[in-house]
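Bear in mind these aren't lab numbers, they're just calculated from the coordinates by the rules spelled out. Values in this document were obtained by computation on a predicted structure and should not be read as measured data. Reconstructed Cβ throughout: ideal geometry from the backbone, glycine too, with neighbour counts over all protein chains shown.
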Amino acid sequence: MESKLIIYNTMSRKKELFEPLNAPFVGMYVCGPTVYGDAHLGHARPAITFDLVFRYLTYLGYKVRYVRNITDVGHLVNDADEGEDKIQKKARLEQLEPMEVVQFYTNRFHKNMEQLNTLSPSIEPHASGHIIEQQALVQKIIDNGFAYESDGSIYFDVNAYNKKYSYGKLSGRKVEELFANTRQLDGQSEKRNPADFALWKKAAPEHIMHWPSPWSEGFPGWHLECSCMSQKYLGDTFDIHGGGLDLQFPHHECEIAQSTAAYGHEAVKYWMHNNMVTVNGQKMGKSLGNFITLDQLFNGGAEILEQPYSPMTVRFFILQAHYRSPLDFSNEALKASEKGYERLMAAVEALKKIKVSSTNTVNVKELSDKCFEALNDDLNTPILISHLFDGVRIINSVVAGTEKIDAENLAALTKLYNDLVFDVLGLLPLTESGGSEHEALDKVIGMVADIRAEAKRNKDWATADKIRDELKGAGILLKDTKDGYEWSLEQ
Ligand code: ZN
């Protein structure tokens, strides 16, 4: 398989030709959510970015094994390996079993992911289901001399590691600076060096989630699960590791150190990171009052939102930016995306009604080449979408009769749009998007149906029939049922 796909490798800091280790098989690991709260705007971006990677590689003919984990243990409130487990904290506040919290938010995450039309990963492993494997990895790292025990906890020895390998190479941080910047840790610390990180933590007496180990009754450090589960399911070395830019340090840096310390070599060929989402130019955060969950986004239920935005509007909005560029959320930008998405879908619909001509003035080949050139250039979706809009103008000209298209070119154009818009970009047609337009229409029809019911109660059959007929004239079929009414769009 000849690949023309170029992707930017965060590790080498340059664009590289994508050549899988074992084509046509591709292994891709993406860091998934810690399931202690609703998915928010920040979760949508990596989900859609790596869904695009998954879809495009599959479209190119690769057999992709896409692994995305669920973090359900070991992610502490504080990055310095201290504080409560995020899931346990939620469970305590809600008086639930930790695994109830995990199940509840995993289900909600899946629902949001389905709304955004992201494909399910091939494997979705839970950290808590891989305790034995994680302990084996800890032991390997201890045996190789890169970890030490301190009061029942095991810490990764960054200093020892850095003497042989290079800690910080992904994020470009210098160990000396890391040591200097984190020096002010109190003298009570169990760590030899503040940059060291936990592989295994001894559980405090009040800690609910803990497992027996050779070192203590405890739980794994957060970074460990990804080293462990990626290599378990994708092999010692695999093709792509993805995640948000916020995970680059310390999470991915620690993963690299763990895998290298255990196996003597790095595990990942291409590191890919999506950039962050800001809200009106600010970092999103609960304390800043600009935190938007996906449910709120879809139903308009947050103060900052001027209206609800359909999942497909959100998906289109995210794809309109290159995944490595920052993306700023604003009502204006989302409204513009809503219009753009509708315009694109209207053109795809219009394609179905185009009448072929015996002559042809449309260059589909050129359009197609430009689209794939953009995709192959590190998945440049904003450029791809701008080419698709050039195509929209062509489609509209054909509809208007100022351009002509023959049967062969119409078939090619239709295939191009179906492939790119639906299969690769993963958008859904307007009618299936369950969008805000549909909701607005539903409200209007509800109002009209109430007026009609009132007319019927007053035995004003003429008005009742007129309303039904006028709706039908507008393509809306209103049907009486025993509970009230049902409506549908005329096919
Ligand atoms: Zn991870």
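Which order do peptides 71-78, 44-51, 93-100 fall in by mean Cβ count within 10 Å, highest first?
The most tightly packed comes first, giving 44-51, 71-78, 93-100.
Ranking His110, His223, His40 by Cβ neighbours within 10 Å, fewest first, what do you get?
Starting with the residue having the fewest Cβ neighbours, the order is His110, His40, His223.
Calculate the tail of P(r) for the chain: the fraction of all Cα-Cα distances greater than 32 Å, expressed in %.
On the way: 61383 of 120295 pairs.
The calculated P(r) of the chain puts 51 percent of pairs beyond 32 Å.
Under a Cβ-Cβ cut-off of 14 Å, what is the net charge of the residues other than His265 that fall near it, where Lys and Arg count +1 and Asp and Glu count -1? Show your work: numbers first, answer last.
Details: positive: Lys140, Lys164, Lys169, Lys269; negative: Asp236, Glu255, Glu266.
Charge balance near His265 sits at +1.
Using alpha carbons only, how many degrees (0 to 90, rounded to 10) separate the axis of helix 41-59 from the longest principal axis of the chain?
That works out to roughly 80 degrees.
Have a look at segment 436-489 and give its Rg and Dmax from the Cα atoms, expressed in angstrom.
Values for segment 436-489 (Cα only, Rg and Dmax): 10.9, 35 Å.
How far is it, in nm, from the label point at Asn159 to the one at Asp460 when both lie 7 Å from their Cα along the line to the Cβ?
Label-label distance for Asn159 and Asp460, simple model: 8.7 nm.
In degrees, nearest 10, range 0 to 90: what is the angle between the Cα axis of helix 222-234 and the longest Cα principal axis of the chain?
In the chain, helix 222-234 runs at an angle near 70 degrees to the longest axis.
I need the phi-derived Karplus couplings for segment 276-282: 6.51 cos²θ - 1.76 cosθ + 1.60, θ = phi - 60°, integer Hz, Gly and Pro marked x.
Taking θ as phi minus 60°, the curve returns 8, 9, 10, 10, 6, x, 10 Hz for segment 276-282.
Pulled fully out, how much extra length does the chain show between Ile6 and Asp469, if you take 0.36 nm times their separation in residues and subtract their Cα-Cα distance?
Residue separation times 0.36 nm, minus the Cα-Cα distance, leaves 161.1 nm.
So which GluC sites (Glu not before Pro) in segment 405-491 pass both tests, a DSSP loop state and at most 12 other Cβ atoms within 10 Å of the Cβ? Please list the in-between numbers first.
On the way: sites: Glu408, Glu432, Glu437, Glu439, Glu454, Glu470, Glu486, Glu490; in loops: Glu490.
Here the GluC sites (Glu not before Pro) that fit, given the DSSP loop and packing criteria, are Glu490.
Report the calculated FRET efficiency for Asp369 and Lys339 (r = Cβ-Cβ distance, R0 = 35 Å), to the nearest 0.05.
Efficiency computed from Cβ-Cβ geometry: 0.80.
Counting only helical runs of four or more DSSP H residues, what would the 222 nm mean residue ellipticity of the chain come to if each run contributes -39,500 (n - 2.57) and the total is spread over all its residues?
Values: 16 runs with 214 residues, N = 491.
Counting only the DSSP helices, I get -14000 deg cm²/dmol.
Using only alpha carbons, build the gyration tensor for segment 279-432 and give me the equivalent ellipsoid semi-axes, biggest first, whole Å. Could you put the intermediate results ahead of the total?
Working: eigenvalues 236, 54, 25 Å².
In descending order the semi-axes read 34, 16, 11 Å.
What spacing in nm lies between the two simple spin-label points modelled at Leu489 and Ser397, each 7 Å away from Cα in the Cβ direction?
Each label point is offset 7 Å from its Cα along the Cβ direction, giving 2.8 nm.
Label segment 19-274 by shape, choosing from rounded, prolate and oblate, from the square roots a ≥ b ≥ c of the eigenvalues of the Cα gyration tensor; if a/c is under 1.5 it is rounded, and otherwise prolate applies when a/b is larger than b/c, oblate when it is not. Write down the numbers at each step before the final one.
Numbers: a/c = 1.75, a/b = 1.20, b/c = 1.45.
In terms of gyration-tensor shape, oblate.
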